[in-house]
1. How many of the residues in segment 135-163 are more than 26 Å from Ile5 (Cα to Cα) and not in a loop (DSSP other than H, G, I, E, B)?
2. Please indicate, with yes or no, whether at least one residue in segment 90-97 is among the basic types (Lys, Arg), at negative phi, without any contact (Cβ under 8 Å) to a residue 40 or more places away in the chain and assigned by TED's automatic domain parsing to the domain that holds Leu49.
3. Would you pick out the residues in segment 164-176 that are in a helix (DSSP H, G or I), over 20 Å from Gly3 (Cβ atoms) and of a type outside the set (D, E, K, R)?
4. Among the residues of segment 53-87, which ones are touching a residue at least 24 places away in the same chain (Cβ under 8 Å), part of a helix (DSSP H, G or I) and surrounded by fewer than 18 Cβ atoms within 10 Å (Cβ to Cβ)?
5. For segment 92-149, which positions are hydrophobic (A, V, I, L, M, F, W, C), more than 19 Å from Asp174 (Cα to Cα) and crowded, with 20+ Cβ neighbours inside 10 Å?
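The values are calculated or read from the model by the stated rules, or taken from the named source; none is laboratory data. In this text the structure is predicted, and so the values were computed from the model without any measurement. When we count neighbours, we look across all protein chains shown, and the Cβ atoms used for this are built from the backbone with ideal geometry, even at glycine.
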Amino acid sequence: MPGYIQWLLSKLASQSKLAEVEGISQSSADRSNSAFLENLLEPEEEKALMDLSNCREPVAGRNGTEVMLNLLTSRNHEWSNSDKLLSVLKAPLLRLCARYLLQEKKRGKALDSVANFHLQNGAMIERINWMADRSEKGLNQSAGIMVNYVYRLGHIEEYAQSYFSTGNIHASDDVRRYVEVFFVNEIKQCPTFCLDIPDLLSFAAVEGMRSKNRLRTITKHAVKILFPLHQPQVHGTMHIEANVI
């Protein structure tokens, strides 16, 4: 993945800068009140990263995003030689890697050039491998993470055509689970929330759901959805009351 770390560092830096400009700590509650800040980290990931600032050799940062940015830009990739730092970084790096591969697009196609090459030739994303390439190049480009692409003979033409026509990315359930779990957790964190319909359809049809039925199944396991009695007069937006089960 030649572009993963470049994309991730840009995301972390921009979010840290926005948090500084808006004068907030970038906690989940603060981000929900911002039009530009996004939840790059899960609450438990944020806590684990912030706990590093209290250890014997503290890592600087006012929030988890800054701590992660400082770790990934440390000299000689010092984080890659520490079991403790690796254990803290593993979950967010793998999850954000799945997001990068499945959701980040350029002109409707995968942002990553290697992923785009394989997908347009009919491959699917099979597995994300943690710290599979510890070389200098591997750490610089992808934080040591490598990706397995699989060409299934009976589906090569089908996968290539759907990717060409709609940008649909085929991936294994294990890879998609990273994105799906984050989607469910976003719902859990906000009892009353708003779903942007184009984004929801994109998530269902392109970023992970093979069908609307699967989307409903995942949602059913996470939340009980109660639609308001009146239809909101907002084009392109569906307001939903969600009570976490």
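1. 7
2. In the first step, residues of segment 90-97 are kept if they are among the basic types (Lys, Arg); the result is 90, 95.
Of the ones still in play, those that are also at negative phi are 90, 95.
Then drop every residue that is not without any contact (Cβ under 8 Å) to a residue 40 or more places away in the chain, which leaves none.
No, there is no match, as no residue in segment 90-97 is among the basic types (Lys, Arg), at negative phi, without any contact (Cβ under 8 Å) to a residue 40 or more places away in the chain and assigned by TED's automatic domain parsing to the domain that holds Leu49.
3. Narrowing segment 164-176 to residues in a helix (DSSP H, G or I): 164-166, 173-176.
Narrowing further to those that are over 20 Å from Gly3 (Cβ atoms): 164-166, 173-174, 176.
Those that are in a helix (DSSP H, G or I), over 20 Å from Gly3 (Cβ atoms) and of a type outside the set (D, E, K, R): Phe164, Ser165, Thr166.
4. Those that are touching a residue at least 24 places away in the same chain (Cβ under 8 Å), part of a helix (DSSP H, G or I) and surrounded by fewer than 18 Cβ atoms within 10 Å (Cβ to Cβ): His77, Lys84, Leu86.
5. Of the residues in segment 92-149, the ones hydrophobic (A, V, I, L, M, F, W, C) are 93-94, 96-98, 101-102, 110-111, 114-115, 117, 119, 123-125, 128, 130-132, 139, 143, 145-147.
Retained after the next criterion (residues that are more than 19 Å from Asp174 (Cα to Cα)): 111, 114, 117, 139, 143.
The answer is Ala143, and nothing else.
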